[in-house]
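For reference, the structure discussed in these notes is given below.
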Amino acid sequence: MAKGVKHYKRDGTEYSGGTHKMPDGSVHSGKTHGKTSVPLFHFDDLSKTAKEKAMPGYGMKTTKPKKKKPAMPMRGQRTMTNKKNKKK
């Protein structure tokens, strides 16, 4: 088990306490296995809703939306510039 890596319960609640590794490699709560031991997960292994609970704001876009460039006119279509330049 890597030191300094946070563990979470299935619902996204952060767990800070003793842990033990099961024979199948999964990490559970408590120094030794007992009736109250629950499986623990790393952040990447959580569901989307559990990640949101563990880190509010997760999945929200933090970048500003890009401004759209004006569409190129189709061939022969009048635009503001060629309307002004067109002789009457």
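Read-outs throughout are calculated quantities, based only on the coordinates presented, and are distinct from any laboratory measurement. This is a predicted model, so every value here is computed, not measured. Cβ sites come from the backbone with ideal geometry, for glycine too, and all protein chains shown count toward neighbours.
Listed values for region 39-44 are Karplus-derived 3J(HN,Hα) couplings in whole Hz (6.51 cos²θ - 1.76 cosθ + 1.60, θ = phi - 60°), namely x, 10, 9, 7, 4, 5, and x replaces Gly and Pro. Cβ-Cβ distance of residue 21 and residue 49, R₀ of 25 Å, FRET efficiency by 1/(1 + (r/R0)^6): the value works out to about 0.40. Of the cross-linked pairs 6/67; 21/48; 21/53, which ones have a Cα-Cα span greater than 31 Å in the structure shown? Correct reply: 6/67.
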